[in-house]
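The values are calculated or read from the model by the stated rules, or taken from the named source; none is laboratory data. Given the structure is predicted, the values throughout are model-derived calculations rather than measurements. Here Cβ is always computed from backbone atoms with ideal geometry, including for glycine, and neighbour counts include all displayed protein chains.
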Amino acid sequence: MAEDSPVTQRRHQGTSRSYILDRLKREKRTAFIDAIEAGRVTALAVAVELGWVKRPPTVGRYMNRARQRQHQLQAIAGDGLSSSQMQELWLGPGERSLFDSREELEQAWHKHRTEIMRLWGSHGRRPMGWWEFDAGDLKHPGYDRERSTLWRAGVLTADEKAELERGWRAEFDAAWKRDARARREHYRWADIPAELVKTWTAERRRRGKTIRQIEVAAAPAV
């Protein structure tokens, strides 16, 4: 999802986009900065990945995942690929590619594809190497619309699809009591596909109509 819901904005400085970007600039992590500014990943996702912030309520899972990924990156780096080159296969290049040619980039992707996909090819997300070499005619839509694009294209695993739809349904239900404009904003923030919004809206209206009919039928005659 995008970094901040229009319903509940983050106020903690340590998780704000500007704070994270400033810290990345101080540490000269240009690959992450370029990826954030290009819309390939959010600042919060990078901060979680680097272990800088915790994302409740699944703190342990995210922190453990970050540590595991660091160990895996180090192992892969020992196989002829630097951690910066791994980041490029995940997030895309910075100001310039760290590979000498497109052929070298493609070879690195195919050699390390399995590990990179295991690290960053889940939960409705795909690394930039996948978008470059495996996506066919599918174009990267930016981080905020990536999940709905992959869902619509039918390239997600069954588990990913079910996971996303559960999350989207929860966001849909949470926004239902708001006015129409606020609901639309929330649906867009949550990246819920329009097809699902249409289906779930129709279901809710049918259910509401049925409940009203039952209430009328059960009401005592005057």
*So which residues in the range 179-191 are without any contact (Cβ under 8 Å) to a residue 12 or more places away in the chain and outside any helix (DSSP H, G or I)?*
D179
*What residue, among those in the range 13-35 that are charged (D, E, K, R) and in a helix (DSSP H, G or I), is surrounded by the fewest Cβ atoms within 10 Å (Cβ to Cβ)?*
R26
*Residue that is modelled with the lowest pLDDT [pool: residues in the range 114-150 that are within 15 Å of W90 (Cα to Cα), basic (K, R) and surrounded by fewer than 18 Cβ atoms within 10 Å (Cβ to Cβ)]*: R118
